Amino acid sequence: TRSHFGSSSCCAAMTDAPPFADLDAVDYGKYRTIAVRRDSEHPSVLILELARPEQLNATSSRMHREVSQIWVDVGRDPSVSVVVLTGQGKAFCAGGDFAMIERNMATAEALYEMYEEARSLVLNMIGCSKVIICAINGVAVGAGCALA
């Protein structure tokens, strides 16, 4: 009898899309404080803009979480080769906003969570396999320094 290893039907089955392709899809729509767009001339260039210009892109709790997680999605996205990170408006990132700072100083658990997110931000950026270019447009303080 002939084994499946020598048959063409075995190889055809191996090239089919895996049944979990939906898990590999990257959804940038979940990011609310980072504007995500493609360069129209170079679609493999992803432009990330910190999107709180009225607050000089100061990091809210939401933004802090988003900038720590977006690098995982970017790294998994096969359509991206290069990322340009910038801030909308006249500042790159003015550091943490007062509401986030007050929240994080309220309890030891909240402070620890913020430290872990800051650690993830740096490690996820370093671990991202894409070229990252920071277009620093103005002040960069706190988390903005880490991103820069």
Quick one: count up the residues across the range 71-110 that are more than 17 Å from TYR28 (Cα to Cα), polar (S, T, N, Q) and not in a helix (DSSP H, G or I).
2
Scope the range 100-121; condition open to solvent by less than 50 Å² (accessible area, probe 1.4 Å) and modelled with pLDDT under 90; matching residues
MET100, ASN104, ALA110, LEU111, MET114, GLU117, ALA118
Of everything in the range 21-70, what is part of a helix (DSSP H, G or I) and open to solvent by less than 50 Å² (accessible area, probe 1.4 Å)? Give them in sequence order.
TYR28, PRO53, SER61, MET63, HIS64, GLU66, VAL67, SER68, ILE70
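The values are calculated or read from the model by the stated rules, or taken from the named source; none is laboratory data. The structure presented is a predicted model; accordingly, all values stated were derived computationally and were not measured. The accessibility values were calculated without ligands, DNA or RNA, using every heavy atom of the protein model including side chains. Shrake-Rupley method; radii C 1.70, N 1.55, O 1.52, S 1.80 Å.
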